[in-house]
Amino acid sequence: MRTFFRTVVYVMAAGMLAVAGLVLLLNGQVPASVPKDAPALELGQLVDALRAVDARGQVDLVELKKRHASLERFVASLAATSPELSPEAFPTVEAKLAYWLNAYHALALLELLDTRQTATSAWRDAFDAAPIGGKRLSRLAIYRRTLSQAGDARVFLSLFTGAKGRGVLDGAPFDADSLNLQLDDATRRFVQRRDHFAIEGKTVKLSALFREHQEDFLAALPEERKNVLQIIWAYLPETCAEDKPGCDTRGDLDRACGTHFDACQLQFVPIDETLAVKN
(Lines give C-alpha, C1' and ligand atoms only; values in the text may rest on other atoms or scores of the structure.)
Protein backbone atom coordinates (compact mmCIF):
# COMPACT_ATOMS: atom_id res chain seq x y z
CA MET A 1 0.00 0.00 0.00
CA ARG A 2 2.84 2.38 0.86
CA THR A 3 4.42 1.65 -2.50
CA PHE A 4 1.12 2.46 -4.22
CA PHE A 5 0.75 5.80 -2.45
CA ARG A 6 4.41 6.63 -3.09
CA THR A 7 3.85 5.96 -6.79
CA VAL A 8 0.77 8.18 -6.81
CA VAL A 9 2.72 10.99 -5.16
CA TYR A 10 5.55 10.67 -7.69
CA VAL A 11 3.10 10.71 -10.60
CA MET A 12 1.30 13.76 -9.19
CA ALA A 13 4.60 15.55 -8.62
CA ALA A 14 5.76 14.78 -12.15
CA GLY A 15 2.45 16.05 -13.51
CA MET A 16 2.73 19.28 -11.54
CA LEU A 17 6.28 19.81 -12.78
CA ALA A 18 5.18 19.20 -16.36
CA VAL A 19 2.35 21.74 -16.01
CA ALA A 20 4.70 24.27 -14.42
CA GLY A 21 7.17 23.76 -17.26
CA LEU A 22 4.43 24.26 -19.84
CA VAL A 23 3.33 27.49 -18.15
CA LEU A 24 6.91 28.77 -18.20
CA LEU A 25 7.20 27.84 -21.88
CA LEU A 26 3.93 29.54 -22.78
CA ASN A 27 5.05 32.68 -21.01
CA GLY A 28 8.46 32.64 -22.67
CA GLN A 29 10.31 32.22 -19.39
CA VAL A 30 12.46 29.21 -20.27
CA PRO A 31 16.04 30.38 -20.86
CA ALA A 32 18.07 29.30 -23.86
CA SER A 33 21.80 29.61 -24.32
CA VAL A 34 22.99 31.83 -27.14
CA PRO A 35 25.38 29.90 -29.41
CA LYS A 36 28.77 31.55 -29.78
CA ASP A 37 28.58 31.04 -33.53
CA ALA A 38 25.00 32.32 -33.84
CA PRO A 39 24.73 34.37 -37.05
CA ALA A 40 23.77 38.03 -37.10
CA LEU A 41 20.15 38.82 -37.91
CA GLU A 42 19.64 37.78 -41.54
CA LEU A 43 16.44 39.42 -42.75
CA GLY A 44 17.43 38.60 -46.33
CA GLN A 45 16.83 34.92 -45.56
CA LEU A 46 13.23 35.70 -44.61
CA VAL A 47 12.88 37.76 -47.79
CA ASP A 48 13.89 34.66 -49.74
CA ALA A 49 11.46 32.40 -47.85
CA LEU A 50 8.59 34.81 -48.46
CA ARG A 51 9.02 34.37 -52.20
CA ALA A 52 6.82 31.33 -51.63
CA VAL A 53 3.89 33.68 -50.97
CA ASP A 54 1.78 34.65 -53.98
CA ALA A 55 -0.06 37.92 -54.68
CA ARG A 56 -3.15 36.69 -52.83
CA GLY A 57 -1.14 35.84 -49.73
CA GLN A 58 -1.31 32.08 -50.20
CA VAL A 59 1.75 29.99 -49.39
CA ASP A 60 2.99 27.57 -52.03
CA LEU A 61 4.24 24.67 -49.90
CA VAL A 62 6.24 23.17 -52.74
CA GLU A 63 8.08 26.46 -53.21
CA LEU A 64 8.46 26.93 -49.46
CA LYS A 65 10.11 23.53 -49.15
CA LYS A 66 12.69 24.68 -51.69
CA ARG A 67 13.41 27.66 -49.43
CA HIS A 68 13.42 25.68 -46.20
CA ALA A 69 17.13 26.32 -45.63
CA SER A 70 16.64 30.08 -45.88
CA LEU A 71 13.84 29.94 -43.35
CA GLU A 72 15.93 27.85 -40.95
CA ARG A 73 18.86 30.27 -41.26
CA PHE A 74 16.61 33.23 -40.46
CA VAL A 75 15.24 31.52 -37.35
CA ALA A 76 18.79 30.62 -36.30
CA SER A 77 19.77 34.27 -36.64
CA LEU A 78 17.10 35.21 -34.07
CA ALA A 79 19.01 33.41 -31.32
CA ALA A 80 21.58 36.13 -30.67
CA THR A 81 19.60 39.22 -31.67
CA SER A 82 16.38 40.49 -30.13
CA PRO A 83 14.97 43.73 -28.66
CA GLU A 84 15.91 42.39 -25.23
CA LEU A 85 19.46 41.31 -26.03
CA SER A 86 20.23 44.16 -28.44
CA PRO A 87 18.03 47.13 -27.45
CA GLU A 88 20.25 49.55 -29.36
CA ALA A 89 19.31 47.80 -32.62
CA PHE A 90 15.58 48.29 -31.92
CA PRO A 91 15.26 51.89 -30.70
CA THR A 92 11.57 52.36 -31.55
CA VAL A 93 8.29 50.64 -30.77
CA GLU A 94 7.91 49.97 -34.50
CA ALA A 95 11.32 48.28 -34.71
CA LYS A 96 10.51 45.98 -31.80
CA LEU A 97 7.07 45.08 -33.14
CA ALA A 98 8.40 44.40 -36.65
CA TYR A 99 11.00 42.03 -35.18
CA TRP A 100 8.40 40.01 -33.26
CA LEU A 101 5.99 39.88 -36.19
CA ASN A 102 8.76 38.51 -38.40
CA ALA A 103 9.80 35.97 -35.77
CA TYR A 104 6.20 34.85 -35.30
CA HIS A 105 5.61 34.39 -39.01
CA ALA A 106 8.90 32.57 -39.55
CA LEU A 107 7.86 30.00 -36.95
CA ALA A 108 4.40 29.79 -38.53
CA LEU A 109 5.97 28.99 -41.90
CA LEU A 110 8.21 26.33 -40.38
CA GLU A 111 5.13 24.72 -38.83
CA LEU A 112 3.41 24.62 -42.21
CA LEU A 113 6.23 22.50 -43.59
CA ASP A 114 5.39 19.85 -40.98
CA THR A 115 1.64 20.38 -40.85
CA ARG A 116 -0.90 17.60 -41.03
CA GLN A 117 -4.55 18.02 -41.97
CA THR A 118 -5.74 21.33 -40.57
CA ALA A 119 -4.51 24.60 -39.18
CA THR A 120 -5.70 23.35 -35.78
CA SER A 121 -2.86 20.81 -35.79
CA ALA A 122 -0.53 23.59 -36.91
CA TRP A 123 -1.74 25.61 -33.92
CA ARG A 124 -0.74 22.71 -31.65
CA ASP A 125 2.69 22.89 -33.23
CA ALA A 126 2.84 26.48 -31.97
CA PHE A 127 4.06 25.00 -28.67
CA ASP A 128 7.31 24.04 -30.43
CA ALA A 129 9.96 26.50 -29.29
CA ALA A 130 13.15 27.89 -30.79
CA PRO A 131 16.03 29.77 -29.09
CA ILE A 132 15.22 33.42 -29.69
CA GLY A 133 17.00 36.22 -27.87
CA GLY A 134 18.14 34.10 -24.94
CA LYS A 135 14.76 32.42 -24.39
CA ARG A 136 13.03 29.34 -25.74
CA LEU A 137 10.07 30.92 -27.50
CA SER A 138 7.22 29.26 -29.30
CA ARG A 139 4.92 31.11 -31.65
CA LEU A 140 2.30 31.03 -28.91
CA ALA A 141 4.76 32.51 -26.40
CA ILE A 142 5.65 35.33 -28.80
CA TYR A 143 1.95 36.08 -29.15
CA ARG A 144 1.32 36.05 -25.40
CA ARG A 145 4.44 38.03 -24.42
CA THR A 146 4.51 40.71 -27.10
CA LEU A 147 2.01 40.73 -29.94
CA SER A 148 -1.14 40.48 -27.82
CA GLN A 149 0.23 43.36 -25.71
CA ALA A 150 1.17 45.61 -28.64
CA GLY A 151 -1.75 47.99 -28.13
CA ASP A 152 -2.56 47.94 -31.85
CA ALA A 153 -5.66 45.96 -32.84
CA ARG A 154 -4.47 45.74 -36.44
CA VAL A 155 -1.88 43.21 -35.28
CA PHE A 156 -4.62 40.64 -34.64
CA LEU A 157 -5.73 40.83 -38.28
CA SER A 158 -2.18 40.60 -39.61
CA LEU A 159 -1.19 37.33 -37.89
CA PHE A 160 -0.78 34.49 -40.34
CA THR A 161 -1.21 30.90 -39.13
CA GLY A 162 -2.05 29.25 -42.43
CA ALA A 163 -5.78 29.22 -41.60
CA LYS A 164 -8.35 30.57 -44.06
CA GLY A 165 -10.03 32.69 -41.40
CA ARG A 166 -6.95 34.50 -40.12
CA GLY A 167 -4.42 37.01 -41.42
CA VAL A 168 -2.94 36.90 -44.89
CA LEU A 169 0.82 37.09 -45.44
CA ASP A 170 2.47 39.77 -47.51
CA GLY A 171 5.42 38.88 -49.69
CA ALA A 172 7.78 41.10 -47.68
CA PRO A 173 8.97 41.12 -44.06
CA PHE A 174 7.65 43.71 -41.64
CA ASP A 175 9.85 46.78 -41.50
CA ALA A 176 10.05 49.47 -38.81
CA ASP A 177 9.95 52.37 -41.27
CA SER A 178 6.86 51.15 -43.11
CA LEU A 179 5.15 49.21 -40.31
CA ASN A 180 2.12 51.49 -40.08
CA LEU A 181 1.44 51.15 -43.80
CA GLN A 182 1.98 47.39 -43.65
CA LEU A 183 -0.48 46.96 -40.78
CA ASP A 184 -3.00 49.11 -42.64
CA ASP A 185 -2.54 46.97 -45.72
CA ALA A 186 -2.95 43.75 -43.71
CA THR A 187 -6.16 45.09 -42.17
CA ARG A 188 -7.45 46.17 -45.58
CA ARG A 189 -6.78 42.73 -47.05
CA PHE A 190 -8.55 41.09 -44.12
CA VAL A 191 -11.63 43.32 -44.22
CA GLN A 192 -12.08 43.11 -47.97
CA ARG A 193 -12.46 39.34 -47.98
CA ARG A 194 -16.12 38.32 -48.15
CA ASP A 195 -15.64 35.46 -45.69
CA HIS A 196 -14.48 38.06 -43.14
CA PHE A 197 -16.97 40.84 -43.90
CA ALA A 198 -20.17 40.85 -45.93
CA ILE A 199 -23.39 42.86 -46.02
CA GLU A 200 -26.61 40.91 -46.44
CA GLY A 201 -29.59 43.27 -46.28
CA LYS A 202 -29.59 44.76 -42.79
CA THR A 203 -27.21 42.13 -41.46
CA VAL A 204 -23.44 42.56 -41.41
CA LYS A 205 -21.46 39.35 -41.16
CA LEU A 206 -18.11 39.78 -39.44
CA SER A 207 -15.27 37.45 -38.55
CA ALA A 208 -15.38 36.42 -34.90
CA LEU A 209 -11.89 37.94 -34.59
CA PHE A 210 -13.63 41.31 -34.32
CA ARG A 211 -15.68 40.03 -31.40
CA GLU A 212 -12.66 38.48 -29.67
CA HIS A 213 -10.72 41.76 -29.88
CA GLN A 214 -13.59 44.22 -29.91
CA GLU A 215 -12.31 46.20 -26.92
CA ASP A 216 -8.93 46.66 -28.62
CA PHE A 217 -10.59 47.99 -31.78
CA LEU A 218 -12.94 50.28 -29.90
CA ALA A 219 -10.04 51.68 -27.86
CA ALA A 220 -8.57 53.06 -31.08
CA LEU A 221 -11.67 55.18 -31.77
CA PRO A 222 -11.83 58.73 -30.39
CA GLU A 223 -15.61 59.13 -30.44
CA GLU A 224 -17.84 58.37 -27.46
CA ARG A 225 -20.37 56.60 -29.66
CA LYS A 226 -18.12 53.76 -30.75
CA ASN A 227 -18.93 50.90 -33.09
CA VAL A 228 -16.55 48.32 -34.53
CA LEU A 229 -18.07 49.02 -37.97
CA GLN A 230 -16.32 52.39 -37.91
CA ILE A 231 -13.07 50.43 -38.22
CA ILE A 232 -14.47 48.34 -41.05
CA TRP A 233 -15.69 51.44 -42.91
CA ALA A 234 -12.23 53.03 -42.83
CA TYR A 235 -10.73 50.06 -44.71
CA LEU A 236 -13.44 49.56 -47.32
CA PRO A 237 -12.99 50.88 -50.87
CA GLU A 238 -14.94 53.84 -52.25
CA THR A 239 -15.66 51.84 -55.40
CA CYS A 240 -15.09 48.27 -56.55
CA ALA A 241 -12.06 47.51 -58.68
CA GLU A 242 -12.67 45.98 -62.08
CA ASP A 243 -11.29 42.65 -60.92
CA LYS A 244 -13.57 42.63 -57.84
CA PRO A 245 -17.11 43.25 -59.12
CA GLY A 246 -19.83 43.28 -56.49
CA CYS A 247 -17.54 44.05 -53.56
CA ASP A 248 -18.89 45.90 -50.51
CA THR A 249 -18.02 49.60 -50.41
CA ARG A 250 -18.23 52.38 -47.85
CA GLY A 251 -21.45 53.56 -49.49
CA ASP A 252 -22.94 50.08 -49.16
CA LEU A 253 -22.17 50.05 -45.44
CA ASP A 254 -23.61 53.56 -45.01
CA ARG A 255 -26.85 52.56 -46.72
CA ALA A 256 -27.19 49.35 -44.71
CA CYS A 257 -26.27 50.66 -41.27
CA GLY A 258 -26.86 54.42 -41.26
CA THR A 259 -24.65 57.28 -40.18
CA HIS A 260 -23.94 55.84 -36.73
CA PHE A 261 -23.78 52.20 -37.89
CA ASP A 262 -26.63 51.25 -35.56
CA ALA A 263 -29.36 50.46 -38.10
CA CYS A 264 -28.08 46.97 -38.86
CA GLN A 265 -27.45 43.77 -36.96
CA LEU A 266 -24.02 42.22 -36.44
CA GLN A 267 -23.57 38.51 -36.98
CA PHE A 268 -20.18 37.10 -36.04
CA VAL A 269 -18.97 34.24 -38.22
CA PRO A 270 -16.78 31.48 -36.69
CA ILE A 271 -13.12 31.60 -37.69
CA ASP A 272 -12.32 29.09 -40.40
CA GLU A 273 -9.29 27.18 -39.13
CA THR A 274 -8.84 24.94 -42.19
CA LEU A 275 -5.60 25.36 -44.09
CA ALA A 276 -5.37 27.73 -47.03
CA VAL A 277 -2.13 26.78 -48.72
CA LYS A 278 -1.04 25.45 -52.09
CA ASN A 279 0.24 21.88 -51.87
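The values are calculated or read from the model by the stated rules, or taken from the named source; none is laboratory data. Note that this is a predicted model, so its numbers are computed, not measured. Cβ: placed from backbone, ideal geometry, glycine included. Neighbour counts: every protein chain shown.
Brief remarks on what is shown
- Residue tally, condition closer than 16 Å to His105 by Cα, among the small types (Gly, Ala, Ser) and buried (at least 21 other Cβ atoms within 10 Å of the Cβ), over segment 164-208: 2
- Among the residues making up segment 52-84, those that are of a type in the set (A, V, I, L, M, F, W, C) and surrounded by fewer than 16 Cβ atoms within 10 Å (Cβ to Cβ) are Ala55, Val62, Ala69.
- In segment 179-198, of all residues being among the charged types (D, E, K, R) and part of a helix (DSSP H, G or I), the one that is nearest to Val168 (Cα to Cα) corresponds to Arg189.
- Trp233 fulfils the conditions (1) under 25 Å from Thr161 (Cβ atoms); (2) in contact with a helix residue (DSSP H, G or I) (Cβ under 6 Å, 6 or more places away or on another chain) except for a single criterion, (1).
- Which listed residue is at pLDDT 55 or above and of a type outside the set (Lys, Arg), from Ala13, Ala76, Ala18: Ala76
- All positions within segment 156-189 that are within 16 Å of the chain's Cα centre (by Cα) and either under 14 Å from Val269 (Cα atoms) or among the aliphatic types (A, V, I, L, M) (or both): Leu157, Leu159, Ala163, Lys164, Gly165, Arg166, Val168, Leu169, Ala172, Leu179, Leu183, Ala186
- Residues that are in contact with a Gly (Cβ under 8 Å, 6 or more places away or on another chain) and under 15 Å from Ala98 (Cβ atoms) were ranked within segment 127-171; the one that is modelled with the lowest pLDDT is Asp170.
- Search result, residues across segment 44-61 that are farther than 16 Å from Ala108 by Cα and not in a loop (DSSP other than H, G, I, E, B): Gly44
Yes/no matrix, rows are residues, columns are (1) over 19 Å from the mean Cα position of the chain (by Cα); (2) surrounded by fewer than 13 Cβ atoms within 10 Å (Cβ to Cβ); (3) on the phi < 0 side of the Ramachandran plot:
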residue	(1), (2), (3)
Phe210	no, no, yes
Leu221	yes, no, yes
Gln230	yes, no, yes
Ala234	yes, no, yes
Thr249	yes, no, yes
Leu253	yes, no, yes
Thr259	yes, yes, yes
Gln267	yes, yes, yes
Asn279	yes, yes, yes
